[in-house]
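The values are calculated or read from the model by the stated rules, or taken from the named source; none is laboratory data. This is a predicted model, so every value here is computed, not measured. Note: ideal-geometry Cβ built from the backbone for every residue, glycine included; neighbour counts use all protein chains shown.
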Amino acid sequence: MNGAAKGAIIGGVFLAMVGGAGYGMYSLVGDTGGGKDDTADGKSATASRGEGPVTEKEAVEAAKGFLTAWAAGDDRTAADWTNNASEAQSAVADFKAKAYVSKAVITPGTPTGTTVPFKVAAEVTYEGTTKPLAYESRLTVVRGLSTGKALVDWQASVIHPDLKRGERLRAGTPASPPVKLVDRNDQELTPEKYPSLRPVLAQLREVYGSKAGGKAGAEVWIEPAAATATTQDGSATQDGATTQDGATAQDGGRRTLLTLVAGEPSTLKTYLDAKVQAAAEQAVARFPESSVVAVKPSNGHILAIANNRKDGYNAAMTGTRAPGSTMKIVTAAMLLDRGKVAADKPAPCDKTVSWGGRSFHNLENFQLPAGTNFSTSFARSCNTAFIKQIKEVDEDAALSKEATEVFGIGLDWKTGIKSFDGKVPVTTGAESAAEYIGQGQITMNPLNIASITATARSGRFHQPLLVSPELDGRPTATAARTMKSSVRGQLVSMMRLTATSGTGAEAMASVGGDKGAKTGSAEVDGAGSPDSWFTGFSDDVAAAAMVEGGGHGSDAAGPIVAAVLSP
């Protein structure tokens, strides 16, 4: 074979030929590794035992053994070359049986240490239709802890680079017809042009595809993991992205990889705005691990949803992070509502304040002169000015009530796709003080903070909506109380001051119109840098952004919001 090895699968029969310095083979599908350290029976074909780091020679041997068995359709042997035999065996078998791969050639590349890249040139055949499916992937070889053998570290991405833990590669006729997504002005929104909308489109297709008409064709798709990251009541891990066992959260239904037979798509109109969405996509592209949402204060319509995250998680809609000082919008509203403060009345801003046995301080321990009013303390984001008011309120549930009854936080928002709708638990002591400044047990995402800003701007909670409730007759959440006009007037004026001469002034300098803002940074245990939060409004658009580990609010999240408010 002139020193080049070649492998193929033809007509469902696996043929593998190995020789010289190379080899060709087949590919499979399944979950990522992490289940067990070695193979199911402690045997890994002819893998050699060793000690210490895996050598490149061992890596090539293990990769060759795995890929050769895969090419031959020998799922048992292929699995034994991995450190998670049960998942790998299922994956190898499924690639042919459930992804309908009728032919595949795998060409390995040049190893880099213990990592071996390879190219897959496959054909998928379903009900008489054959289409090519080509991609690149890689595998890494590790040493089995109990056997000492060099084994492929099983990851779902070995089968296809887009697969995450728990996901499966499938082909056939999907249950939901394809959907053409359009914005409020009937402009088409494609995931190719607006990548952040890929999980949104998947969920909308799953929920509304059969309701909106259309006809299903045939596809190759990624089936989402059965496990989810959140419970039915919306509780989750700190970032909502992983479950306790480490499974990746998926934000929607299946993701199409290849269309075999085109279906007849239905058209689904959303409240998104293509111009604002484009600005949001460009804005988050500047900052890793960032998310942003924009809504209309007058009606709650969602104008844009964008994320730039390695894990593909829709943190903009379903994240659960402490929002930092952006929460002071709600705290200020509660204090104004109860007559404990007034925008033009003094609100002491000392360096530190103690409550519940814990000391709280301002950024870099700054303080403001005696007699400084509450509006200035808000605009400068003075923590102590807020916490000093706790003894005046004298009700543990005050903040939680304001958040729910006026701002709609924690109600069952039915936006049209999955969303986490915020959580402000009732706490006491130091935890209560922490919540006044957006720390402690409070959990939010950019959708929640954008909605809070929209409510402050309009004086009335409008449940955020991505698509019309008339599509499926779903109910929408209604807040128990409308914000008092006097509270709204003072709150908006303080946000305007923040945007023009406070902590948000630099970020909002380029934003026109009637504008307001609030900055925030949230400390996260074990993180080297706080999460950056920023929210603002300009006329009838409100937006909020969060950048994990982004620093102060104006450092990263601020420029994102400013870009969205000035598309």
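For region 184-201, a residue qualifies if it is farther than 16 Å from H301 by Cα, assigned to a loop (DSSP other than H, G, I, E, B) and among the polar types (S, T, N, Q), and the qualifying residues are Q187, T190. For region 382-399, state whether one or more residues are of a type in the set (G, A, S), part of a loop (DSSP other than H, G, I, E, B), surrounded by 23 or more Cβ atoms within 10 Å (Cβ to Cβ) and not assigned by TED's automatic domain parsing to the domain that holds K211. No, there is no match, as no residue in region 382-399 is of a type in the set (G, A, S), part of a loop (DSSP other than H, G, I, E, B), surrounded by 23 or more Cβ atoms within 10 Å (Cβ to Cβ) and not assigned by TED's automatic domain parsing to the domain that holds K211. Of the helices (runs of 4 or more DSSP H) entirely within region 453-567, those holding at least 3 residues that are surrounded by fewer than 23 Cβ atoms within 10 Å (Cβ to Cβ) and assigned by TED's automatic domain parsing to the domain that holds A306 occupy 485-501.
Annotation: A332 fulfils all but one of (1) over 24 Å from V492 (Cα atoms); (2) surrounded by 24 or more Cβ atoms within 10 Å (Cβ to Cβ); the unmet one is (1). Against the test of being within 27 Å of the chain's Cα centre (by Cα), of a type in the set (A, V, I, L, M) and modelled with pLDDT of 95 or more, the options A398, A385, A450 yield a single qualifying residue, A450.
Number of residues in region 286-314 that are within 18 Å of A542 (Cβ to Cβ) and not in a strand (DSSP E or B): the value is 5.
This table checks each residue for (1) in contact (Cβ under 8 Å) with a residue 40 or more places away in the chain; (2) touching a helix residue (DSSP H, G or I) at 6+ places or on another chain (Cβ under 8 Å); (3) within 20 Å of G516 (Cα to Cα).
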| position | (1), (2), (3) |
| --- | --- |
| T443 | yes, no, no |
| L447 | yes, yes, yes |
| A454 | yes, no, yes |
| G459 | no, yes, yes |
| E470 | no, no, no |
| A480 | yes, yes, no |
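Annotation note: of T125, T140, the sole residue that is out of contact with any Gly (no Cβ under 6 Å at 6 or more places or on another chain) and under 12 Å from A63 (Cβ atoms) is T140. Residues that are touching a residue at least 40 places away in the same chain (Cβ under 8 Å) and assigned to a helix (DSSP H, G or I) within region 70-88 comprise W70, A71, A72, D75, A78, A79, D80, A85, S86, E87, A88, listed in sequence order.
Is it the case that region 152-159 has a residue that's assigned to a strand (DSSP E or B) and either in contact with a Leu (Cβ under 6 Å, 6 or more places away or on another chain) or over 24 Å from D311 (Cβ atoms) (or both)? Within region 152-159 (the criterion being assigned to a strand (DSSP E or B) and either in contact with a Leu (Cβ under 6 Å, 6 or more places away or on another chain) or over 24 Å from D311 (Cβ atoms) (or both)), the answer is yes, since at least one residue qualifies.
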